[in-house]
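Here is the structure we will look at, set down as structure tokens.
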Amino acid sequence: MSLERRLTRARRVEYPEALWLARQTVQGLHELLVAGYVYADLQPAHIFVCQNGAVKLTSLADVRFDVVPL
């Protein structure tokens with residue numbers, strides 16, 4: 001289920017879960033950056049939350065390859 005849909009249904013996410021989702025999202029973005037990609041369209045509709053709580057970034061059509069110095 002997308003984060004957008006989850007927020008529409010629940011209207012609210014408890015702090016520990018919100019922190020977990022944010023951390024998972026940032027880790028995914030970091031992995032893309034390390035590989036040289038930039039995710040250009042991050043929004044709740046593009047964040048998929050699996051039943052086990054894992055986060056997947058979707059809509060990778062907006063990901064572009066950049067040479068980013070780290």
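The values are calculated or read from the model by the stated rules, or taken from the named source; none is laboratory data. In this text, all values refer to a predicted model and were calculated from it rather than measured experimentally. Using ideal geometry, Cβ is built from the backbone for each residue, glycine included, and neighbour counts are taken over all protein chains shown. Side chains are part of the model used for accessible areas, which takes the heavy atoms of the whole protein and leaves out ligands, DNA and RNA. Shrake-Rupley method; radii C 1.70, N 1.55, O 1.52, S 1.80 Å.
Given (1) without any contact (Cβ under 8 Å) to a residue 24 or more places away in the chain; (2) open to solvent by 80 Å² or more (accessible area, probe 1.4 Å), where does Phe65 come up short, assuming only one miss?
Against the list (1) without any contact (Cβ under 8 Å) to a residue 24 or more places away in the chain; (2) open to solvent by 80 Å² or more (accessible area, probe 1.4 Å), Phe65 comes up short only on (1).
What pairs come out if I take residues in region 1-30 that are closer than 20 Å to Ser59 by Cβ and aliphatic (A, V, I, L, M) and pair them with residues that are assigned to a helix (DSSP H, G or I) and open to solvent by 50 Å² or more (accessible area, probe 1.4 Å) whose C-beta lies under 7 Å away, six or more apart or interchain?
Leu3/Pro44; Leu7/Pro44
Return the residue satisfying two criteria in turn: it lies in region 4-39 and is basic (Lys, Arg) and more than 16 Å from Val55 (Cα to Cα), and of such residues it is modelled with the highest pLDDT. Outline the logic, then answer.
From region 4-39, those basic (Lys, Arg) are 5-6, 9, 11-12, 23; that's our starting set.
Add one more test, that the residue is more than 16 Å from Val55 (Cα to Cα), and what stays is 9, 11-12.
Details: Arg9: 91, Arg11: 81, Arg12: 85.
So the residue we want is Arg9.
Of all residues in region 39-59, which are in contact with an Asp or Glu (Cβ under 7 Å, 6 or more places away or on another chain) and either open to solvent by 40 Å² or more (accessible area, probe 1.4 Å) or charged (D, E, K, R) (or both)?
Matches in region 39-59: Ala40, Asp41, Pro44, Ser59.
So, in region 9-21, exactly how many residues are surrounded by 11 or more Cβ atoms within 10 Å (Cβ to Cβ) and out of contact with any strand residue (DSSP E or B) (no Cβ under 9 Å at 6 or more places or on another chain)? Don't jump to the end; show me each part of the working.
Here is the first cut: in region 9-21, the residues surrounded by 11 or more Cβ atoms within 10 Å (Cβ to Cβ) are 13, 17-21.
After this cut, where a residue has to be out of contact with any strand residue (DSSP E or B) (no Cβ under 9 Å at 6 or more places or on another chain) as well, the list is 13, 17-19.
Here the count works out to 4.
Any idea how many residues of region 22-38 are surrounded by 13 or more Cβ atoms within 10 Å (Cβ to Cβ) and over 10 Å from the mean Cα position of the chain (by Cα)?
Residues that pass the stated criteria total 4.
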